[in-house]
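Notes follow the structure.
The values are calculated or read from the model by the stated rules, or taken from the named source; none is laboratory data. Keep in mind that what you see is a predicted model, and the values were worked out from it rather than measured. Here the Cβ positions follow ideal geometry from the backbone for every residue, glycine too, while neighbour counts run over all protein chains shown.
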Amino acid sequence: MKRAIVLLALLTSSCGFFSHENSLSIAVDTPVPCTPEWYSFVSRNLSLEGSVQTPLPGTPQWMQSVENQLGAEENSSWPRVGTKEWCSMADSRLKAMMLATSQPASFSCDRVDEESTEGTICQTPELVQLDRSLSESLKFCEEESSLNIQRLLEKKQREWRVSRDSCGYGEEAVPCIAHSYRRRIAALRATFDLALKKGPIHFTCPANPDGDLTALFYATDPPTLLATREDSTSVLFLVPSESGEKYEGENTMVWEQDDKVLVRWGYGAATLECTK
């Protein structure tokens, strides 16, 4: 019952190191990430083998090449190379890419308007990959949920499509659409505990004891933070910052800076200085 209440709160508010392996099947089998077998598998499927200029598998230079081929945008927040979080993100993107080569989008592309968001998705392999990945995530979440949660998932999914479609259409809209998909997938995977995670980590805010919160960090794409304060829970996403790791959600922020953590919770709320 408590888990159902938390899921309802999260779904309504959103529109360890590793405790367990990813339990979401994307219908593509790959070796265990961060192993020599996995490095070889990635190199083969991204055509990184056989070139004199190709860095050795598993090196930072090789990982940068993998990022580039898996669609790393300039403002994308990948985990630090060499970590399990990095391998988890790369593995997830590779699975989605492989799935999209053999399956179409989750909706029919036969009659969509080319000058529409769905038309742009059908014409863009990267977006087809993301659409299939989201479809698989939703299917899993619905199968594991009660009827009330399923209905709420459907409602939030309709609302999300409106937000996605506000990106427009055409080549210039692709980054916005991809960003929308990745955040939606990441939020689902964090909400339903379907990704590698770190935590819980507790933050104490002496100036306002009610501001104390607990956080779970998920190795999603983009990385997410599931924060709970009293009876309120929010999904936050890692965003670029000048220093430290900064997570932002709907009217929420958790920003780690050296020996302090800045927390903002709620529209117009004051920023609290907290400690781990």
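Please state which of the following conditions ARG189 fails to meet, knowing it meets all the rest: (1) more than 12 Å from the chain's Cα centre (by Cα); (2) of a type in the set (Lys, Arg); (3) surrounded by 13 or more Cβ atoms within 10 Å (Cβ to Cβ). It fails just one condition, (1).
Only residues that are polar (S, T, N, Q) and either farther than 24 Å from THR117 by Cα or not in a helix (DSSP H, G or I) (or both): list them for the stretch 175-196, please. Answer for the stretch 175-196, where residues must be polar (S, T, N, Q) and either farther than 24 Å from THR117 by Cα or not in a helix (DSSP H, G or I) (or both): just THR191. Here LYS139 passes the criteria (1) within 18 Å of the chain's Cα centre (by Cα); (2) surrounded by 15 or more Cβ atoms within 10 Å (Cβ to Cβ); (3) at pLDDT 85 or above except the one numbered (2). Against the criterion of being outside the structural domain of GLU85 (by TED's automatic domain parsing), of a type in the set (Val, Ile, Thr) and touching a Lys or Arg at 6+ places or on another chain (Cβ under 8 Å), THR220 qualifies. Applying the condition of being outside any helix (DSSP H, G or I) and at pLDDT below 85 to the stretch 32-50 and asking which residue is farthest from PRO223 (Cα to Cα) yields GLY50. Looking across the stretch 89-125, the residues that are within 16 Å of the chain's Cα centre (by Cα) and at pLDDT 85 or above come down to ALA90, ASP91.
Scanning the stretch 221-276 for residues that are closer than 30 Å to LEU94 by Cβ and among the β-branched types (Val, Ile, Thr) yields THR224, VAL235, VAL239, VAL254. Taking first residues from the stretch 241-263 that are over 22 Å from ASP221 (Cα atoms) and partners that are acidic (Asp, Glu), the Cβ contacts under 7 Å between residues at least 6 apart in sequence or on separate chains come to LYS260/GLU273; LEU262/GLU273.
Summed over the stretch 196-227, residues that are modelled with pLDDT under 90 and polar (S, T, N, Q) total 2.
Could you tell me which of the residues ARG183, ARG264, ARG229 is within 23 Å of ARG80 (Cα to Cα) and surrounded by 15 or more Cβ atoms within 10 Å (Cβ to Cβ)? Lay out the reasoning, then the answer.
Numbers: ARG264 fails: within 23 Å of ARG80 (Cα to Cα); ARG229 fails: within 23 Å of ARG80 (Cα to Cα).
The conditions single out ARG183.
Pairing each residue of the stretch 105-128 that is over 17 Å from ARG182 (Cα atoms) with any residue that is hydroxyl-bearing (Ser, Thr, Tyr) and in a loop (DSSP other than H, G, I, E, B), provided the two are 6+ apart or on different chains, yields C-beta distances under 7 Å for GLU115/TYR169; SER116/TYR169; GLY119/TYR169. Looking only at residues in the stretch 212-246 that are touching a strand residue (DSSP E or B) at 6+ places or on another chain (Cβ under 8 Å) and assigned to a loop (DSSP other than H, G, I, E, B), which one is farthest from GLU67 (Cα to Cα)? Per the stated criteria, the residue is ASP212.
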